[in-house]
Amino acid sequence: MSMAYEDYMKQIVKPMRDELTRAGFEELTTSDEVEEYFNKVEGTTLVVVNSVCGCAAGLARPAATQSIIQADKTPDHLITVFAGQDKEATSKMREIFGDIPPSSPSMALLKGKEVVHFIHRHDIEANTMENIMTNLQGAFHQYC
């Protein structure tokens with residue numbers, strides 16, 4: 001891959017990354033960062049597998065950020081990996097998810113290293129932002 005292409009993609013996806021990090025999500029960009037995070041994690045974690053697609057922009061990211069802002073109960077930690085951009089980090093995260101098929105965008109709520117709730121891409125693109133928020137907040141209420 002050419003350096004010009006990589007630089008271009010970094011510029012294009014920066015606002016997509018910033019939307020989550022401004023809302024308090026910690027971005028994990030390498031497999032080592034994912035592994036280190038899960039070696040020490042305690043409590044609950046919301047993971048957003050970010051993506052450049054329209055359903056990430058119009059539904060997943062806004063639903064994730066607004067769910068956190070509006071929920072009475074929230075996860076202890078917020079993290080994100082970027083599918084198609086940070087490939088090693090995303091692959092390592094998918095290992096943590098176990099047998100759940102790859103899906104991007106997607107969201108997972110974990111207690112420690114155990115996935116207790118998962119929202120697949122098809123659950124995002126076939127829904128409204130409000131329904132996704134209700135889904136997330138229900139999981140927060142149950143597990144956080």
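Total residues in region 1-46 satisfying the condition of being open to solvent by 60 Å² or more (accessible area, probe 1.4 Å) and part of a loop (DSSP other than H, G, I, E, B): the figure is 4.
For region 1-46, the set of residues classified as more than 18 Å from the chain's Cα centre (by Cα) and either farther than 23 Å from Pro62 by Cβ or of a type in the set (A, V, I, L, M, F, W, C) (or both) consists of Met1, Ser2, Met3, Ala4, Tyr5, Glu6, Asp7, Tyr8, Met9, Ile12, Asn39, Lys40, listed by residue number. So, of the residues in region 85-129 that are among the polar types (S, T, N, Q), buried (at least 22 other Cβ atoms within 10 Å of the Cβ) and touching a helix residue (DSSP H, G or I) at 6+ places or on another chain (Cβ under 7 Å), which turns out to be nearest to Tyr5 (Cα to Cα)? Residue satisfying both the conditions and the ranking: Ser104. When Ala57 is tested against the conditions (1) farther than 20 Å from Glu130 by Cβ; (2) touching a residue at least 40 places away in the same chain (Cβ under 8 Å); (3) open to solvent by 20 Å² or more (accessible area, probe 1.4 Å), the lone failure is (1).
Scanning region 65-102 for residues that are of a type in the set (Ser, Thr, Tyr) and either modelled with pLDDT under 95 or in contact with a Cys (Cβ under 9 Å, 6 or more places away or on another chain) (or both) yields a single hit, Thr74.
I'm trying to understand the selection: among the residues of region 1-43, which are of a type in the set (A, V, I, L, M, F, W, C) and more than 19 Å from Leu78 (Cβ to Cβ)? Don't jump to the end; show me each part of the working.
Looking only at region 1-43, we keep the residues that are of a type in the set (A, V, I, L, M, F, W, C), and these are 1, 3-4, 9, 12-13, 16, 20, 23, 25, 28, 34, 38, 41.
Within region 1-43, Met1, Met3, Ala4, Met9, Ile12 meet the criteria.
The values are calculated or read from the model by the stated rules, or taken from the named source; none is laboratory data. The model shown is predicted, which means the values in this text are computed figures rather than measured ones. Every residue, glycine among them, receives a Cβ derived from its backbone with ideal geometry; neighbour counts consider all protein chains shown. Just the protein is used for accessible areas: all its heavy atoms, side chains included, with ligands, DNA and RNA removed. Shrake-Rupley method; radii C 1.70, N 1.55, O 1.52, S 1.80 Å.
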